[in-house]
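*Asks:* Let me begin by handing over the structure; questions about it come next.
Nothing in this text is a laboratory measurement; each read-out follows from the coordinates by a stated rule. Remember, it's a predicted structure, so these values are computed and weren't measured experimentally.
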């Protein structure tokens, strides 16, 4: 945090809300990958490509800057303390795919997370011999997306777990606010 900024209780809720939104998009992308695991022809003409969500920190003065500030070492270039080991690489803004993340990141809280974009995995496709398939090439092979259901399920479990933890953090904060109100009565 910058000098003069104060962390309030609602700021924590805003950060958790931004993470809830980002993880929702991640779960939607995983669901789209699973649904299109056997799609051999898209509007672009080729097989479906696996999509991946890229997150980015909202406002570059997040965790790393806070650590530097609290260590008494605000110079990123110095090697003293743990501050010299912390970098803050920027992902940049990526194009959004399929409109799944439209508008994400515009209302995320400072220090929260936003969806930088949804990118296509351009890895090689899986070739299966099926000469009777309508999308078979002249050699009888059909190009299928390289989507591993196990990988997608692990990604979905991660998104679900992260979503649940952030929902728990919001609930805990609501309880703290209610307790504060009770104390003031």
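*Asks:* Please give the contour-minus-distance gain from residue 34 to residue 167: 0.36 nm per residue of separation, less the Cα-Cα distance, rounded to one decimal in nm. Display every interim value, and only then the final one.
*Replies:* Numbers: separation 133, 0.36 × 133 = 47.88 nm, distance 2.49 nm.
Roughly 45.4 nm would be gained on extension.
*Asks:* Sticking with this structure for a sec: Grab the Cα-Cα distance for residue 135 and residue 59, subtract it from 0.36 nm times how many residues apart they are, and report the gain in nm with one decimal.
*Replies:* On the way: separation 76, 0.36 × 76 = 27.36 nm, distance 4.60 nm.
Length gained between residue 135 and residue 59: 22.8 nm.
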